[in-house]
Amino acid sequence: MSTKKPIRVAVTGAAGNIGYALLFRIASGAMLGPDQPVILQLLEIPVEGPQKALKGVAMELEDCAFPLLQDMILTGDAEVAFKDVNWALLVGSKPRGPGMERADLLKDNGKIFIAQGQAIDKVAADDARVAVVGNPCNTNVMIAAAQAKRLSADRFTAMVRLDENRGRAQLAKKAGVSINEVSDLYIYGNHSPTMFADFTHTKIGGKAAADVIGDEAWLKTDFLPAVGKRGAAIIEARGVSSAASAANALIDHVRDLTTVGKVHSVAVKSEGRYGFNPDVWAGMPVKTTATGHEVIDSYEMDDFAKSKIALTNDELVGERETIKDLLA
Ligand code: NAX
């Protein structure tokens with residue numbers, strides 16, 4: 001049995017689809033390591049249906065007899081869920097209902113992230129880190145971070161890793177190589193169809209991806225929209241949105257943010273890098289260090305890449321404008 005101190009991980013929306021694909025992998029050690037005990041602190045909305053479903057998920061977790069799962073806390077109260085947590089995985093949010101405008105969705109979800117940002121800042125551990133998955137994740141993380149007085153903005157990230165994984169898989173398939181051959185593909189901007197999956201610096205088997213693929217038109221007009229709209233394609237095929245692949249990407253996001261030297265796509269406060277508005281959270285390449293992470297800001301962008309980044313930046317700035325009264 002491991003003698004390590006357990007890491008407390010909060011998961012919101014824990015009885016949802018992504019939660020069901022995520023919790024078992026955290027408890028098995030896939031996210032934080034095979035000898036790292038964990039305590040799961042699970043938040044669901046405080047009404048009977050979701051709370052009952054959450055109990056059922058916890059029963060299944062118990063039935064797995066995971067040696068690393070030291071304890072579980074099930075709650076409808078954010079301050080209980082985030083108490084002393086080292087990681088807060090904010091998955092739960094309100095889905096877009098029929099006839100609902102995107103602006104209303106932004107505002108409704110914004111309110112959730114104000115309350116959760118305040119609770120995290122009040123009760124989480126001093127080393128707490130936050131990963132937002134609930135959409136629109138780049139804007140929700142900005143709202144949560146705006147509530148933080150104790151935790152710094154660099155503790156707050158949002159997930160664009162699913163988009164990176166999707167892009168790497170598509171390039172490997174097109175080139176007929178294994179996934180491991182595809183490197184240096186990073187996602188810039190919003191987790192939405194405007195994102196820019198920067199193939200211009202990607203390598204396949206150590207060579208420029210554009211040379212290996214040999215079809216620039218395919219990269220620009222097939223690959224980019226295919227990655228950007230993959231979420232919609234999954235909904236069209238499955239009838240529900242991506243869950244297992246999203247949970248897998250969140251495992252990758254946290255594991256790589258806790259593995260020194262790893263470089264991957266993370267949405268962070270841009271601070272003006274790559275021409276983004278300084279106050280938006282945008283996907284970009286991030287390298288894990290012994291104390292946290294640093295952004296790799298040295299990639300030179302050509303005019304095509306700059307135009308794509310400008311488009312996704314415009315969308316992020318527009319989202320920020322829509323919810324600006326929630327940032328006060
Ligand atoms: P589900 O609707 O299956 O589950 C969401 C769960 O969150 C529900 O059980 C609900 O009761 C709970 N919830 C809602 N408000 C809450 C609150 N205030 N506190 C605690 N729990 C709350 O959705 P699921 O498929 O699990 O997706 C969750 C979120 O991930 C959605 O916003 C979705 O859009 C987003 N996604 C983000 C992705 C990304 O790459 N960033 C990809 C996958 C996914 O689309």
Original post:
Does the range 11-29 contain at least one residue that is buried (at least 18 other Cβ atoms within 10 Å of the Cβ), within 21 Å of residue 133 (Cβ to Cβ) and more than 16 Å from the ligand (Cβ to nearest atom)?
Top reply: yes
Original post:
Which residue pairs have Cβ atoms under 6 Å apart, sit 6 or more places apart or on different chains, and have a first residue in the range 49-75 that is assigned to a helix (DSSP H, G or I) and a second that is of a type in the set (D, E, K, R)?
Top reply: 50/44; 51/44; 54/44
Subject >> Selection count, the range 67-90, where residues are in contact with a Leu (Cβ under 6 Å, 6 or more places away or on another chain) and open to solvent by less than 10 Å² (accessible area, probe 1.4 Å) >> reply: 1
Original post:
Which of the residues spanning the range 39-66 are closer than 20 Å to residue 119 by Cβ and either outside the structural domain of residue 93 (by TED's automatic domain parsing) or open to solvent by less than 30 Å² (accessible area, probe 1.4 Å) (or both)?
Top reply: 39, 40, 41, 42, 43, 44, 54
**OP:** May I ask you to verify whether residue 163 is modelled with pLDDT of 95 or more, among the acidic types (Asp, Glu) and under 18 Å from the mean Cα position of the chain (by Cα)?
**Re:** yes
Subject >> All positions within the range 32-46 that are more than 16 Å from the ligand (Cβ to nearest atom) and in a loop (DSSP other than H, G, I, E, B) >> reply: 32, 33, 34, 35, 36, 37
Subject >> Cβ pairs under 9 Å, 6+ apart, first in the range 90-108 and in a loop (DSSP other than H, G, I, E, B), second open to solvent by 30 Å² or more (accessible area, probe 1.4 Å) and at pLDDT below 85 >> reply: 96/102; 96/104; 97/104
Subject >> Number of the condition not met by residue 152 [criteria: (1) away from the ligand (no atom under 16 Å from the Cβ); (2) of a type in the set (Ser, Thr, Tyr); (3) outside the structural domain of residue 283 (by TED's automatic domain parsing); (4) open to solvent by less than 40 Å² (accessible area, probe 1.4 Å)] >> reply: (4)
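The values are calculated or read from the model by the stated rules, or taken from the named source; none is laboratory data. Values in this document were obtained by computation on a predicted structure and should not be read as measured data. When we count neighbours, we look across all protein chains shown, and the Cβ atoms used for this are built from the backbone with ideal geometry, even at glycine. Calculation scope for accessible area: heavy atoms of the full protein, side chains included, ligands and nucleic acids excluded. Shrake-Rupley method; radii C 1.70, N 1.55, O 1.52, S 1.80 Å.
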